[in-house]
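One structure below.
The numbers here are math on the coordinates, done by the rules we state, and not lab data. From a predicted model like this one, the values you see are computed outputs, not experimental measurements. Cβ placement follows ideal geometry from the backbone for every residue including glycine, while neighbour counts extend to all protein chains displayed.
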Amino acid sequence: MKQRFRFEKLGVWQDARALYRDACRLTRKFPHEEMYGLTSQVRRASSSVVANIAEGSGRNSDPDFARFLEQAYGSLMETASHFYLAFDENYIDEAELDPVLEQASVLAGRIVALNHSLVVTHTKTPFTRQRAS
């Protein structure tokens, strides 16, 4: 498939997209009564990770991109938390939970690393970073 946008070249966006696909696959197994509950929440949170990375990459400044990466990170934590709830309700088993949480953990590290690579002199977020020279 031809790449048309900057975000398509980002490995972190590609990883987020893979997590979204896995989230959709796993939520297809959730009970029908969760269609507008946990199923919807997992899908919205995981799609938000993908969308925030893409939107941030289209911004014209590192501070703007960093802000969107922080939003993506928060949505990723929400996604992981929802998967724990799905496990607690026996919608998924441990063999399904562990790989998706590992995938989320690796993605979280990549989001943080990309965020730290940006030149941002002031931030209000808990992401510690080196001062720009």
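Selection among Tyr20, Ser75, Asn52 by position relative to the dipole of segment 7-117 gives Asn52 as farthest towards the positive end (Cβ unit charges, Cα centre). The slack between Arg44 and Asp88, meaning 0.36 nm per residue of separation minus the straight C-alpha distance, is 13.9 nm. Between Asp62 and Gln3, the distance separating the two model label sites (each 7 Å from Cα on the Cα→Cβ line) works out to 2.1 nm. Could you list log10 I(q)/I(0) for the chain at q = 0.10, 0.11, 0.20 Å⁻¹, which the Debye formula gives when each Cα is one point scatterer? Calculated log10 I(q)/I(0) at the listed q: -0.35, -0.41, -1.08.
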